[in-house]
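Notes for the one structure printed next.
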Amino acid sequence: MKKLYRRLAIILLFSTVLILLFFTISLYERSRRGNYQYLSQLLGSVETNIRNASNEYEERLELLKDDYLNRALAVEYILSSDSQMIFDRGLDIVKGLMEIKSISVYDSSGKMIGSTEDSMKERSAKQVKSEEFWLEKDGKPYHIHIDQAEFDTIPSSFYVIVQSDSPHFSFVRIDMDTENLEFLSRKELIEKTLKQATTEYDTSVIAIGRDSGKIVGMTKNNQQVIRISGGENAKDLLSLLESLEEDKPILLRINGKYQRTVITKQEGMFLAAFTDLSQLYGDIAWTFFEGLIGIGTISVLTIVIVRVYLKKYLFGHFELVKTSIRGILEGGNDTDIEEAGIPELKALVETILELEKGYISKSEGISRMEDQLSVAQSEAKSDRLTGLYNRNGFERHVEEYLLQPNPSGVLVLFDLDNFKRVNDMEGHPEGDRILERFAECLSVGFRKTDCIARLGGDEFIVLVQNRVSQGILEDKFEGILTSVRAALGNYYAKYGVSVSIGAVPVDGTIKSYEKLYRCADTALYIAKHLGKDRFYVNYKKISCMKRKCIQCRKDCPRSKVLELKNEKKAEEE
């Protein structure tokens with residue numbers, strides 16, 4: 001028996017070491033992969049933020065170009081209307097009016113007629129007439145120039161030249177002061193974006209210029225002094241970064257510690273994300289020793305318990321069975337076989353029965369869990385206040401519907417007008433009662449086959465899942481407007497609570513829920529700005545949400561609404 005126990009102890013110890021080694025290696029590998037994925041996702045997020053910031057900056061530049069082109073056209077118009085403005089102090093007056101740096105006027109040969117800046121007189125006629133890439137707006141040829149800046153500088157020159165039909169001059173050029181405009185260098189844009197990024201304290205993201213070899217930006221909530229071994233100067237650092245494999249986990253010694261690093265190469269810069277590994281290795285080592293102590297203790301206790309129970313029960317039962325069988329073979333009548341052997345069988349039967357009961361109990365528990373899961377899934381798709389679909393449930397339903405071969409119907413967006421007044425004056429419980437009444441109006445006004453949802457707040461949405469003619473659709477909207485006024489009663493009279501409706505037909509031309517929603521939101525915007533308490537159907541499927549019309553298409557109803565809004569604002573001023 002001692003040999004059995006020793007062998008059992010050796011087997012348990014060997015198994016423990018193997019399990020711990022496997023567990024430690026597995027833990028390290030999972031940590032390494034998870035750490036790499038985290039760094040890669042972090043870099044991807046930063047790259048996306050930089051790209052979005054660059055796109056927003058480019059959009060601002062386009063608006064800036066359009067603004068100063070309009071100013072140049074205005075200057076040309078003023079000077080064409082009154083040629084005397086070219087002389088005396090006229091150009092200075094126009095310059096101040098337009099808030100620009102300088103104005104220069106040239107004749108058809110390129111000779112300067114007048115300018116607000118003496119330095120502009122040095123620009124030759126050949127230079128003015130040789131400007132390329134002429135475009136045209138309102139019948140006026142023009143050229144816009146912004147010089148290409150270096151990585152860490154802003155453009156130094158920004159001007160607009162407009163050709164004129166005036167008999168007194170042929171070209172008008174306006175120059176802008178680039179230092180007072182919203183220009184950013186590529187370095188400033190990256191630095192600003194990285195400061196807004198959020199990381200853990202032990203994780204940092206830095207950007208290094210590919211020309212200068214200097215750090216041009218880093219995340220804010222980390223160490224602000226970075227020293228990379230092997231890159232003590234700019235030249236060595238650039239050589240090191242160029243030699244490293246892109247988008248692969250590597251070890252670099254940074255600030256005296258080995259840190260897992262992922263690098264990507266971008267236009268004009270390197271992006272590097274790194275994290276300290278000392279905490280990770282410490283956690284793995286501590287976990288290994290904890291597991292070793294724990295499993296070793298369990299193994300020793302297991303051996304002791306097995307030894308005691310084998311001796312007390314198993315071998316004792318063997319002796320009882322042996323005695324009972326011997327008594328039967330000898331023909332003894334007083335031998336109580338049932339007491340000697342049968343009780344063990346009874347215990348086994350009782351154990352089986354207990355296991356059966358336990359199985360039944362677990363089965364019932366699983367059934368209850370399934371019921372609870374079903375309820376939870378239902379709640380995950382439903383709005384608790386109104387009982388309608390919530391945003392997640394509705395979006396999944398619409399996306400599935402749009403995958404059908406020929407989807408047709410209408411996507412309708414609702415927004416309660418002046419709802420905030422009720423919350424402010426009556427309190428949120430009263431606002432919730434209005435939302436419940438409005439949900440009842442939608443449930444009555446649409447069919448059971450239509451999908452009705454509350455997106456959040458006082459915004460509701462409905463998917464009508466069949467083709468509807470224009471007349472029937474507009475009659476239905478009129479009926480809903482009327483029923484809502486009646487249902488809200490005093491709230492409509494006292495606070496002006498009503499509903500604005502924006503709709504877009506679903507005919508298979510748009511397969512994306514997001515694009516359909518933007519079209520419906522544009523229609524809702526139009527209904528709101530036409531006076532609220534009405535509907536608008538976006539038959540043209542316009543999805544523009546710009547606050548300033550850029551004349552991207554003709555006959556745009558949203559453009560007309562913006563014009564009316566601007567006219568009303570001008571009248572009020």
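Based on the Kirkwood approach, the hydrodynamic radius assigned to region 401-445 is 12.9 Å, with every pair of different Cα atoms included.
Overall, the ratio between the Cα radius of gyration of region 402-482 and 2.2 N^0.38 Å, rounded to two decimals, is 1.25.
Charged neighbours of Asp424, selected by a Cβ distance under 15 Å, balance to -2 (K, R count +1; D, E count -1).
Remark: the Glu242-Thr264 segment gains 6.9 nm on full extension, using 0.36 nm per residue and subtracting the alpha carbon distance. Tell me the label-point distance for the pair Arg7, Glu59, using the 7 Å Cα-to-Cβ offset, in nm and rounded to one decimal. The answer from the label model is 7.6 nm.
Semi-axis lengths, largest first, of the ellipsoid equivalent to region 414-542 are 25, 15, 14 Å, with √(5λ) applied to each eigenvalue of the Cα gyration tensor. For Ile263, neighbours were defined as the other residues whose beta-carbon sits under 15 Å from its Cβ, and their charges (Lys and Arg +1, Asp and Glu -1) total -1. Between Ser108 and Lys494, full extension at 0.36 nm per residue minus the direct alpha carbon distance yields a gain of 132.2 nm. Checking the table Lys187/Lys214; Lys448/Lys476; Lys137/Lys540; Lys381/Lys448; Lys195/Lys265 against a 18 Å threshold on Cα-Cα, which pairs fail? The pairs that break the limit, which is 18 Å between Cα atoms, are Lys137/Lys540; Lys195/Lys265. If the segment from Asp507 to Thr153 were pulled out straight at 0.36 nm per residue, it would be longer than the present Cα-Cα gap by 122.4 nm. If the viscosity is 0.890 mPa s and the temperature 25 °C, what Stokes-Einstein diffusion coefficient in µm²/s follows for region 23-114 when Rh is the Kirkwood radius over Cα pairs? Approximately 136 µm²/s, per Stokes-Einstein.
Each value in this text was obtained by applying a stated rule to the coordinates, not by laboratory testing. Not measured: the values here are computed from a predicted model. Here the Cβ is made from the backbone with ideal geometry for all residues, glycine too, and neighbour counts use every protein chain on show.
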